[in-house]
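The values are calculated or read from the model by the stated rules, or taken from the named source; none is laboratory data. Worth saying up front: this structure is predicted, and the values here are computed from it rather than measured. In this analysis, Cβ positions are derived from the backbone assuming ideal geometry, glycine residues included, and neighbour counts consider all displayed protein chains. SASA here: full protein model, heavy atoms, side chains in, ligands and nucleic acids out. Shrake-Rupley method; radii C 1.70, N 1.55, O 1.52, S 1.80 Å.
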Amino acid sequence: MIIANWKCNGSKSMISEWVSDFSVNYIETNGPFIGIAPPSIYIENVLANIPTKLTGVNIGSQDIDTSSGARTGAVSSEMILDYGCKFSIIGHSERRQFYNERNDDIRRKILNIANKTLTILCVGETEEENKNDLTKDVLKKQLEVIEEIDFNDSLVIAYEPVWAIGTGNTPTPDNINEIHKFIKDVVQSTTRNSEIPLVLYGGSVNEDNAENFFKEEFVDGALIGGASLNGRQFANIINIYNGINSK
Ligand code: PGA
């Protein structure tokens, strides 16, 4: 699974350029689930621009709110489903940092969307937590939000160390592999249906380093920010994934 998280970037002209760069470079195969999460105001525009031949490309949302109704500025789960979104990212560290989202908000969002579309839950430690060897404790605490939920294969976890997002720094592939195994074990023992989720790595993934991550046993794909804003680079990352997994 390879997901583009455009964050608060893009414009109508960027989208048409992106789609043409992507289409020229993407080698279509029966590869992984591919997703694009544009800013919600552009979802319809992306849907209209993706050529029908790119049938494997799914649109998703960067976030949803805890409910609908009197919630100025929010986007509800019903709205993204209405547009055919196939997944929603939940609990991104930027939501936690800039919008003060706490575990109980994140759990409410997950309950709002679980089993209606894929939930991509982001978890990850800060630099300080990493230095203090607290990574596993922090992840375990963040994963409490899924306790006793029956996901029926609709949960994906993105491991995104906060210190690796947009910085060019990453953990070693070995390190990531170990953490992904840990996450799979925690999720399996926490969820009602003993879900073993796909675990994506996110944090400064680009076309130069993706291969090292994708080779690891427990890395099931990537959630990509900066590098996904370039259609050519995003397509190349998918091609790299397919090259490794078709061997
Ligand atoms: P990045 O962002 O690829 O720009 O580091 C990843 C993310 O925040 O999802």
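Debye calculation, C-alpha points only, no solvent: report log10 I(q)/I(0) for region 96-247 at q = 0.09, 0.10, 0.21 Å⁻¹, in the same order as the q values. Each listed q maps to, in turn, -0.28, -0.35, -1.42. Measuring nothing but protein heavy atoms, the accessible surface of the chain at 1.4 Å probe radius is 46 percent carbon and sulfur. Here the 3J(HN,Hα) profile of region 10-18, calculated from phi with Karplus coefficients 6.51, -1.76 and 1.60 at θ = phi - 60°, is x, 7, 4, 6, 4, 5, 5, 5, 4 Hz, Gly and Pro shown as x. Size descriptors for region 79-153 (Cα atoms only): Rg and Dmax, in that order, 13.5, 44 Å. Take each peptide in 212-218, 237-243, 222-228, count the other Cβ atoms within 10 Å of every residue, and average; sorted highest first, the result is 222-228, 237-243, 212-218.
Compute the Cα gyration tensor for region 150-215, then decide on rounded, prolate or oblate, letting a ≥ b ≥ c be the square roots of its eigenvalues: rounded whenever a/c is under 1.5, prolate when a/b is larger than b/c in the other cases, and oblate in all that remain. Numbers along the way, then the final one.
Working: a/c = 2.37, a/b = 2.29, b/c = 1.03.
It comes out prolate by the Cα gyration axes.
What the chain shows is 47 Å² of accessible area per residue, with the surface traced by a 1.4 Å probe over protein heavy atoms. Using the rule -39500 (n - 2.57) for each DSSP H run of four or more residues, divided by the residues of the chain, the 222 nm mean residue ellipticity is -11000 deg cm²/dmol. Simple point charges give the picture: +1 on the Cβ of Lys and Arg, -1 on the Cβ of Asp and Glu, and for region 2-241 a dipole about the Cα centre of about 560 debye.
Convex hull volume of the Cα atoms of region 1-152, normalised per residue: 145 Å³.
Set the Cα radius of gyration of region 188-247 against 2.2 N^0.38 Å, with N its number of residues, and you get 1.27.
Roughly how many whole Å is it from the C-alpha centroid of region 30-99 to that of region 113-179? Here the answer is 20 Å between Cα centres. Solvent-accessible surface of protein heavy atoms, probed at 1.4 angstrom with all chains present, puts GLU101, GLU28, GLU207 in the order GLU28, GLU207, GLU101, largest first.
Across the options PRO32, ILE59, ASN5, the greatest Cα extent toward the positive end of the charge dipole of region 2-241 (unit charges at beta carbon of Lys, Arg, Asp, Glu) belongs to ILE59.
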